[in-house]
Amino acid sequence: MRRTPGVYELTWSMGTGPAGRTAFEYGAEVRPGTPHVIWRRIGTHQILTGP
């Protein structure tokens with residue numbers, strides 16, 4: 001996902017629980033005034049190892 005224009009990453013940790021990562025982008029508004037998020041990948045840190 002690095003250097004992919006318009007694609008963002010977010011990581012999180014639940015303390016002693018599982019850590020995760022997501023990749024997403026913003027799409028055209030579906031509802032006026034509300035951001036439209038397109039989730040590309042959601043899971044563990046291994047989501048970025050494949051195509």
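The values are calculated or read from the model by the stated rules, or taken from the named source; none is laboratory data. On a predicted model such as this, the values are computed, not experimentally measured, just so you know. Neighbour counts run over all protein chains shown; Cβ positions are idealised from the backbone, glycine included.
For the reader, a short list of remarks on this structure follows.
- Residue match in segment 21-38 (condition: modelled with pLDDT under 85 and assigned to a strand (DSSP E or B)): no
- Being at negative phi, surrounded by 10 or more Cβ atoms within 10 Å (Cβ to Cβ), modelled with pLDDT under 90 and touching an Asp or Glu at 6+ places or on another chain (Cβ under 8 Å) is a property that does not hold for Arg41.
- Scanning segment 1-17 for residues that are at pLDDT below 90 and either loosely packed, with under 11 Cβ neighbours inside 10 Å or in contact with a Pro (Cβ under 7 Å, 6 or more places away or on another chain) (or both) yields Arg2, Arg3, Pro5, Leu10, Thr11, Trp12, Ser13, Met14, Gly15, Thr16, Gly17.
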